[in-house]
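Just below is one structure, and these are the notes that go with it.
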Amino acid sequence: MANFTITFNDQKLVFERPVTVLEIVGNSKDIVCAFVNGRVRELTYTIDFDAVIEPLTVKDRDAKWPYEASLRFLVAMAMHNIHPELEVRFSYNVSRSIFMQILTPGVSSNGQMVLDLQKEMKRLVDLNLPMVRKIVSKDEAEKIFRATGDIDKAEIMKYRPEKTAHIYECGGYKNYMYSRMVPSTGYVNKWAIRFYHPGIIIQYPRSEANGKIPTFED
């Protein structure tokens, strides 16, 4: 293939083979994703053409969705590990945060559940497990979502016109959050969780707060 040039940090780098964004920007866990020729791309995105790369951190508005989606994945995985019998749902209606509701009848969150969840999330972050995007058949995706208790996503698969769907796999856990994601759990290292009856609040860095987690307001 022909050589191509990548511009990064005012330097022009010439390559003879495809490279990922991650190979260019380095392993800093502060970089969540990047602009590639003005479009938001995952760090695992492969480039084999002339491009300008601009790294994005949680201080940047366009990094919000990849970070927030990856955080939801981390929370869902941690909850699956500590309470595989529970079905949960995420929504966004409390203090610019994620609200996790427990759908299993007769079960609500409590202080011990929050402590256990926090401990498991920290463990997964420390392990820095790869979050790998895969293409599976629509039927397989539906089975995965039903197995993880994600009934809403399983039902959506029935109406999906395509024959395949994307999922992410991490440490044996499979799910999909409808967004680009970070390469591994080690990148999802900024969050705060709290008990909020009948569920749990998960806060994350906001660009309007200069990449910090804003003060919780009930």
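The values are calculated or read from the model by the stated rules, or taken from the named source; none is laboratory data. Here the structure is a predicted model, which is why all the values come from computation and not from measurement. Here Cβ is always computed from backbone atoms with ideal geometry, including for glycine, and neighbour counts include all displayed protein chains. Side chains included, ligands, DNA and RNA excluded: accessible areas come from the protein's heavy atoms. Shrake-Rupley method; radii C 1.70, N 1.55, O 1.52, S 1.80 Å.
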(request) Tell me which residues come under 5 Å, amide H to amide H, from residue 212 once H is placed; ignore anything under 5 positions away on its chain. (result) 206
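Please say if region 77-155 is rounded, prolate or oblate, where rounded means a/c under 1.5 for a ≥ b ≥ c the square roots of the C-alpha gyration tensor eigenvalues, and otherwise the choice is prolate for a/b larger than b/c and oblate otherwise? Please list the in-between numbers first.
On the way: a/c = 1.71, a/b = 1.23, b/c = 1.39.
The shape class here is oblate.
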(request) Could you work out how far helix 111-127 tilts from the main Cα principal axis of the chain, as a 0 to 90 degree angle to the nearest 10? (result) 20 degrees
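How much accessible area per residue does region 37-98 have, in Å², with a 1.4 Å probe? Kindly include the intermediate steps, with their values, before the conclusion.
Working: 2920 Å² over 62 residues.
With all protein chains present, region 37-98 gives 47 Å² per residue.
Taking each pair of distinct Cα atoms in region 131-176 once, what is the resulting Kirkwood hydrodynamic radius in Å?
For region 131-176, the Kirkwood estimate is 10.4 Å.
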(request) Take the solvent-accessible surface of the protein heavy atoms, probe 1.4 Å, and return the percent of it on the chain that carbon and sulfur atoms account for. (result) 50 percent
(message) Suppose a student asked you for the relative contact order of the chain, using Cα pairs under 8 Å spaced at least 6 residues apart; what percent would you report?
(response) 23 percent
(message) Given the whole protein assembly as supplied and a 1.4 Å probe, what does the accessible area of residue 72 come to in Å², nearest 10?
(response) 30 Å²
(request) Relative to the longest principal axis of the C-alpha atoms of the chain, give the angle of the C-alpha long axis of helix 138-147, reported between 0 and 90° and rounded to the nearest 10°. (result) 40 degrees
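Report the extension gain between residue 82 and residue 22 in nm, rounded to one decimal, defined as 0.36 nm multiplied by the number of residues separating them, less their alpha carbon distance. Mind showing how you got there, number by number?
Working: separation 60, 0.36 × 60 = 21.60 nm, distance 3.15 nm.
Full extension of this stretch gives 18.4 nm more.
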(message) If I compute volume of the Cα convex hull per residue in Å³ from the structure I just sent, which labelled value in (1) 135; (2) 117; (3) 146 lines up?
(response) (1)
(message) Please give the charge dipole size of the chain, origin at the Cα centre, charges +1 on K and R Cβ atoms and -1 on D and E Cβ atoms. Round to the nearest 20 debye.
(response) 140 debye
(message) Tell me the net charge near residue 169. Cut-off is 10 Å between Cβ atoms, residue 169 excluded, with +1 for each Lys or Arg and -1 for each Asp or Glu.
(response) +3
(request) Using the Karplus curve 6.51 cos²θ - 1.76 cosθ + 1.60 with θ = phi - 60°, work out ³J(HN,Hα) for each residue of region 25-33 in order, rounded to whole Hz, and write x for Gly and Pro. (result) 7, x, 9, 4, 6, 6, 8, 8, 7
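So how do 215, 57 rank on accessible area, 1.4 Å probe, biggest first, that is with the largest at the start?
Values: 215 110, 57 40 Å².
Ranked from most to least accessible, the order is 215, 57.
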(request) Sum -39500 (n - 2.57) across every DSSP H segment of at least 4 residues in the chain, then divide by the residue count to get the 222 nm mean residue ellipticity, nearest 500. (result) -8500 deg cm²/dmol
(request) Figure the gain on full extension for residue 91 and residue 189 (residue separation times 0.36 nm, minus the Cα-Cα span) and round it to one decimal in nm. (result) 33.2 nm
